[in-house]
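The values are calculated or read from the model by the stated rules, or taken from the named source; none is laboratory data. Remember, predicted model here, so these are calculated numbers, not experimental data. Virtual Cβ from ideal backbone geometry, glycine too; neighbours counted across all protein chains shown. For the accessible areas, the whole protein counts, side chains as well, though only heavy atoms, and no ligand, DNA or RNA atoms are used. Shrake-Rupley method; radii C 1.70, N 1.55, O 1.52, S 1.80 Å.
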Amino acid sequence: MLDLAVKNGYVLDGTGNPWFRADIEVRNGKIAKVGHLIQNADTLLNARGLTVCPGFIDMHSHSDDALLINPRAESKIRQGVTTEVIGNCGDSGAPINETIRKEMEKTAAPLISAGVKIDYSTLQEYTRKLERQGISVNAAPLIGHGNLRKMAVGYENRPPTTKELERMKNILAGAMRQGAFGISTGLIYPPGSYSKTAEIIELAKVASSFGGIYTSHIRGEGETLLKAVKEAITVGERVKIPVEISHHKAGGRKNWGKVKQTTQMIEEARARGIDVTCDVYPYVASSFGLVNMLPQWAHEGGPERIIQRLKDPRIKKRMRRDMLKGSLSSAHWDKTMIAHCPRKREYQGRFVRDIARARREDPFEFAFELLIDEELAVGVVRFGMCEDDVEHVIRYPGAMIGSDGSALARYGPLGKGHPHPRNFGTFPRVLGHHARRRGIITLPDAVRKMTSLPAQKLGLRDRGVIRPGAWADLVVFNPRKVIDVATYANPKRYPRGIEHVVVNGVLTLSKGKHTGAMAGKVLKRA
């Protein structure tokens with residue numbers, strides 16, 4: 001008797017090849033046979049008229065905390081995501097020290113309100129906690145450079161001493177031994193932004209020595225985009241490490257179109273033998289903490305020093321002056337929407353300019369006071385990209401799909417706020433909007449960008465494809481109906497057209513409903 005069988009489906013195997021009609025037999029969590037072979041099975045899924053493909057791999061996820069809060073991974077499973085790459089943008093769930101733990105206790109409100117104990121320090125302790133409670137998706141962890149800097153240097157804007165750099169390298173090496181897939185940087189976020197290229201190269205060497213990869217939220221996605229992409233390529237060239245440029249885009253109208261130059265830069269690097277790729281989410285708005293709109297120097301010393309500066313009238317004037325010089329200026333308060341604001345929920349879903357006008361306040365002063373009142377825990381959605389650029393990157397052969405979001409829900413601690421719709425709609429949007437409606441890529445290529453391409457980057461030889469011996473992470477969807485329905489105005493809406501999701505051979509979404517299964521695994525680098 002088989003554990004599970006999928007019958008009569010149009011199979012897209014994840015490689016980009018055209019579909020073929022076949023049945024899939026699953027035994028002991030893995031694909032046993034592919035063909036017209038079906039025997040009796042404990043669970044039989046009739047996929048007549050539907051497409052069957054490998055489970056989607058979210059190459060850029062921030063579910064490190066979310067999986068501890070709600071292991072069902074509701075908003076990702078319902079998109080067809082079966083594996084989340086966590087620890088991106090230089091910020092990972094582990095390793096942590098007491099300083100980071102205290103910071104999390106102040107800023108990670110959903111984690112605390114859910115009663116999750118931050119009783120881990122190392123990556124191994126964090127992943128064991130996930131495994132003990134169970135998770136509905138697989139998790140592939142990266143190690144955040146920001147964590148390493150906080151643990152060795154703190155929030156000081158300076159190069160690490162020889163001893164501090166050695167400590168960072170030792171912590172990273174320990175995490176790599178525990179199965180991490182590589183190191184991630186967030187080079188616009190303090191304290192990662194205080195690092196020089198030489199520091200990144202030294203740490204990338206450690207990850208490379210264990211067969212890991214280097215992923216980067218590069219040092220700028222606006223005026224400095226070309227220079228920032230060049231830096232990422234330089235790391236790959238010097239270290240001989242695979243490079244992944246995170247959520248590739250160009251922010252700000254005067255920078256629109258630069259992605260055509262950057263994808264050409266990536267192609268030229270690949271022609272020189274440098275393994276550089278990127279990921280992209282299918283939206284024109286980004287999302288981050290409001291605090292990250294402050295100048296870099298304002299972050300020195302950590303969260304408490306930021307709040308002290310925000311209370312000083314002279315320093316606020318300097319902040320305002322520097323912000324007006326940058327790409328996140330007052331001209332963009334009309335494009336900055338409050339996404340998360342626990343103590344002032346009435347502001348969620350509204351633009352800063354509109355709130356400030358209604359209150360007859362200067363938008364800068366309003367933003368500064370809001371950060372103080374909320375102890376910096378304010379999230380925003382910010383509109384800054386153009387659709388042509390987004391579609392250009394989606395079409396680029398070396399681009400894979402990553403949500404840059406978290407596994408949220410419509411209930412509980414993860415159901416609060418007014419999040420970016422990418423948390424609920426990224427993968428169905430590419431399938432339904434960009435592939436079916438817009439026709440900018442084919443359906444087989446869209447699936448490739450969500451399956452075999454990220455699996456190849458991560459070195460997961462037994463995932464991301466449908467073939468005997470591979471793990472049975474599967475998605476069954478209606479190619480005529482699959483679509484995202486989450487919007488900026490109403491973001492917490494699950495997509496349509498995702499019928500069934502199988503994780504490690506276990507049915508986890510059945511006819512669009514979560515079964516409660518916790519068959520996910522914490523994956524380790526081979």
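Odds and ends about this structure:
- Residues that are modelled with pLDDT under 95 and among the small types (Gly, Ala, Ser), drawn from segment 114-153: Ala114, Gly115
- Residue in segment 446-458 that is open to solvent by 10 Å² or more (accessible area, probe 1.4 Å), in contact (Cβ under 8 Å) with a residue 24 or more places away in the chain, of a type in the set (Lys, Arg) and outside any helix (DSSP H, G or I) present: no
- Only one of Arg463, Arg496, Arg429 that is under 20 Å from Leu67 (Cβ atoms) and either under 22 Å from the mean Cα position of the chain (by Cα) or free of Cβ contacts under 8 Å to residues at least 24 places away in the same chain (or both): Arg463
- Residue check for Lys205: within 28 Å of Glu304 (Cβ to Cβ), open to solvent by 20 Å² or more (accessible area, probe 1.4 Å), of a type outside the set (Gly, Ala, Ser) and modelled with pLDDT of 95 or more: no
- Of all residues assigned to segment 153-162, at least one qualifies as being touching a residue at least 12 places away in the same chain (Cβ under 8 Å), farther than 21 Å from Thr215 by Cβ, of a type in the set (Ser, Thr, Tyr) and not in a strand (DSSP E or B).
- Segment 511-526 - residue that is part of a loop (DSSP other than H, G, I, E, B) and open to solvent by 40 Å² or more (accessible area, probe 1.4 Å) and, of those, nearest to Ile135 (Cα to Cα): Met518
- If the condition is being in a helix (DSSP H, G or I), under 30 Å from Ile440 (Cβ atoms) and open to solvent by less than 30 Å² (accessible area, probe 1.4 Å), then segment 350-389 contributes only Asp389.
- Scanning segment 246-277 for residues that are over 20 Å from the mean Cα position of the chain (by Cα), open to solvent by 10 Å² or more (accessible area, probe 1.4 Å) and farther than 19 Å from Gln456 by Cβ yields Gly252, Arg253, Lys254, Trp256, Gly257, Lys258, Lys260, Gln261, Gln264, Met265, Glu268, Arg272.
- Any hit, segment 308-323, residues being assigned to a loop (DSSP other than H, G, I, E, B) and acidic (Asp, Glu): yes
- Filtered residue count, segment 6-29, keeping only those that are in a strand (DSSP E or B) and hydroxyl-bearing (Ser, Thr, Tyr): 1
- In a residue-by-residue description of segment 195-210, the property of being touching a residue at least 24 places away in the same chain (Cβ under 8 Å), in a strand (DSSP E or B) and either at negative phi or not aliphatic (A, V, I, L, M) (or both) applies to no position.
- Subset of segment 127-152 [in contact (Cβ under 8 Å) with a residue 40 or more places away in the chain, assigned to a helix (DSSP H, G or I) and buried (at least 20 other Cβ atoms within 10 Å of the Cβ)]: Thr127, Leu130, His145, Gly146, Asn147, Leu148, Arg149, Lys150
- Residue tally, condition at pLDDT 95 or above and either surrounded by fewer than 15 Cβ atoms within 10 Å (Cβ to Cβ) or not polar (S, T, N, Q) (or both), over segment 340-349: 3
- Which listed residue, of Ala175, Ala180, is assigned to a helix (DSSP H, G or I) and within 17 Å of Gly212 (Cβ to Cβ): Ala175
- Top-ranked residue in segment 491-510 [being polar (S, T, N, Q) and surrounded by fewer than 24 Cβ atoms within 10 Å (Cβ to Cβ); ranked as nearest to Gly134 (Cα to Cα)]: Asn504
- Top-ranked residue in segment 105-126 [being surrounded by fewer than 16 Cβ atoms within 10 Å (Cβ to Cβ) and without any contact (Cβ under 8 Å) to a residue 24 or more places away in the chain; ranked as nearest to Ala173 (Cα to Cα)]: Asp119
- Taken over segment 482-497, residues that are assigned to a loop (DSSP other than H, G, I, E, B), closer than 20 Å to Thr451 by Cβ and of a type outside the set (Gly, Ala, Ser) amount to 3.
- The selection criterion, being basic (Lys, Arg) and farther than 26 Å from Ala271 by Cα, does not hold for Arg238.
- Residue in segment 463-474 that is β-branched (Val, Ile, Thr) and part of a helix (DSSP H, G or I) present: no
- Qualifying positions in segment 390-413 - part of a loop (DSSP other than H, G, I, E, B), open to solvent by 10 Å² or more (accessible area, probe 1.4 Å), more than 14 Å from Thr262 (Cα to Cα) and not basic (Lys, Arg): Asp404, Ser406, Leu408, Tyr411, Gly412
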